[in-house]
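Notes follow once the structure below has been shown.
The values are calculated or read from the model by the stated rules, or taken from the named source; none is laboratory data. From a predicted model like this one, the values you see are computed outputs, not experimental measurements. Cβ sites come from the backbone with ideal geometry, for glycine too, and all protein chains shown count toward neighbours.
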Amino acid sequence: MRFSNPDAILQAALDAERTGDHETARTLCHRLLENAPAGRQAPAAHDALARLLVGQDMAAAADHSLAAWRLIPTDRTHRSNLWQLLTHLGEAGDIARFQGRGDCVGLVALGNALRRDGQALRAERAYRRALDLYPEVSFTLSRLACLCAEQHRLEEADALFLDAAGRHGGRDAVTRTSPTFLRSLREAPPPAGIRATIQEGAGVAARPLVVYACCDAVYARKFLPTMVRSIVEDSGLDCAIALHLVNPDAEAEAVVATLAAAHGADRFIVLREAIDLSPLGGDAKTYYACSRFLVLPDLLVRWQKPVLMLDVDLLAIRDLNPLLTTSAHSDLGMMSHALKRLDIWSLLYADVLHIRPTTGALRFLDLTRRYIRHFLDRGLPVWFLDQAALAAVHLAGFTTEAPPRLTVYPADIHSSTVMVDREGRYWTDDSAYFYSVRATGGGQHAVQRLKRRAGTTAEVKPG
């Protein structure tokens, strides 16, 4: 394949990438960069190479992502890609690989690897060396800030997050770990609530638990039928089911009506929220994730019973009572993942929350709501705002008083495998409690076909 026009070479590379011919795509991108390393096509070539390499060598992908960002530092996509790669590269077993590298990617990767290996002091030295040598690469501030937060150096972490926010924005702009900041939120006037109607079935009061999920109209159509079916048939829970619909359309309403007819209207609670999200544009998904936290404290007071709040794309794949028993004497139960704590935004997950109607839970959730509302009101609907809020409240919200009692669920409450047959019967592993369609990246195309759990993946015979 011979091209003399750089634009033609770039287009051929992108076409090859789209068709899965990654070898040709890499060859063409490298040819472009060899001939014109600072040419007009170079940022796109580096960006393509980062995509092509990320599954094989994240550090090499980060090298190209950094090069793309250096060429066009104002490009939001390049900035976001580089932030993500520098955040996640570097496993505990990679220390020897990155030891001795003096470039920015190598130093950040070494810092991440050392942190994952439990060598926090050496990790901090690697991050600070990266900042000294490459002060223009502000993304390293995030890595150092998360390390300080992990060590409860909360004011120091907060200052680093503020510096990072001022220089590159993104997720760092909605992350605060200062106890003083959290205290100011608690002492401020109550935040605005949401505008919603509520319709409660006649049998709700008799149920000892409420399962609560929130979504927009699109997710209602895509995920609610299988999620509700799994709660009714597989969870083993005696519960009311609360569905919080943000801007429901006629199709979403039809889904809810069908579910009520199939599973008994008396057990359903339906909240309908109307809000103009057009100013948020593509960031409206952040509001869909956060809206539940804006109303949750009020619902807990209204119902005065435990609430199990779930992401709408979750399926209950076996009896949930043993899981809820583990958090029955805490104020809240939620999931964490120790290896993900390199990122403060993954300290506590927002997909499964078991909340008891206690003073401790209300204090936690009220402060979470205030945190989220603070940033939404300032025009910062940044994805992961809800988990940044949970982490900040957990770390810095109760430094001068007894914190709420928290049960931490392990990450393997989620299954990563689902297999579906032609009849819509599905198999999952039996050691987990939930299957997360989006988080695991599998099965989303088939979720509407899921009808009934047939067994475990161990029962599926080869061939």
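Assorted remarks:
- If you go through segment 131-159 and keep only what is basic (Lys, Arg) and farther than 19 Å from Ala109 by Cα, you end up with just Arg153.
- Scanning segment 384-418 for residues that are in a helix (DSSP H, G or I) and small (Gly, Ala, Ser), we see that the one that is surrounded by the fewest Cβ atoms within 10 Å (Cβ to Cβ) is Ala411.
- Considering segment 130-144, and only residues there that are without any contact (Cβ under 8 Å) to a residue 40 or more places away in the chain and crowded, with 17+ Cβ neighbours inside 10 Å, the residue that is nearest to Ala59 (Cα to Cα) turns out to be Ala130.
- Among the residues of segment 64-90, those that are in contact with a Leu (Cβ under 9 Å, 6 or more places away or on another chain) and over 17 Å from Gln41 (Cα atoms) comprise Leu82, Leu85, Leu86, Thr87, His88, Gly90.
- So Leu114, is it in the same structural domain as Ala45 (by TED's automatic domain parsing), crowded, with 16+ Cβ neighbours inside 10 Å and farther than 20 Å from Arg171 by Cα: no
- Residue identified as of a type in the set (S, T, N, Q) and over 27 Å from the mean Cα position of the chain (by Cα) among Thr77, Thr27, Thr87: Thr27
- Restricted to segment 13-49, and to residues there that are of a type in the set (Asp, Glu) and in contact (Cβ under 8 Å) with a residue 24 or more places away in the chain, the residue that is nearest to Arg79 (Cα to Cα) is Asp47.
- Close pairs from segment 273-300: first assigned by TED's automatic domain parsing to the domain that holds Ala389 and more than 20 Å from Arg370 (Cβ to Cβ), partner of a type in the set (D, E, K, R) and in a helix (DSSP H, G or I), Cβ under 9 Å, at least 6 apart: Leu277/Asp283
- Filter result for the condition that a residue is under 20 Å from Gly193 (Cα atoms), surrounded by fewer than 22 Cβ atoms within 10 Å (Cβ to Cβ) and at pLDDT 95 or above, over Thr359, Thr368: Thr359
- Residue list for segment 151-204, restricted to those being of a type in the set (D, E, K, R), assigned to a loop (DSSP other than H, G, I, E, B) and surrounded by 18 or more Cβ atoms within 10 Å (Cβ to Cβ): Arg176
Residue-by-condition table, conditions (1) touching a helix residue (DSSP H, G or I) at 6+ places or on another chain (Cβ under 8 Å); (2) aliphatic (A, V, I, L, M):
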position	(1), (2)
Asp313	yes, no
Ile355	yes, yes
Thr358	no, no
Phe375	yes, no
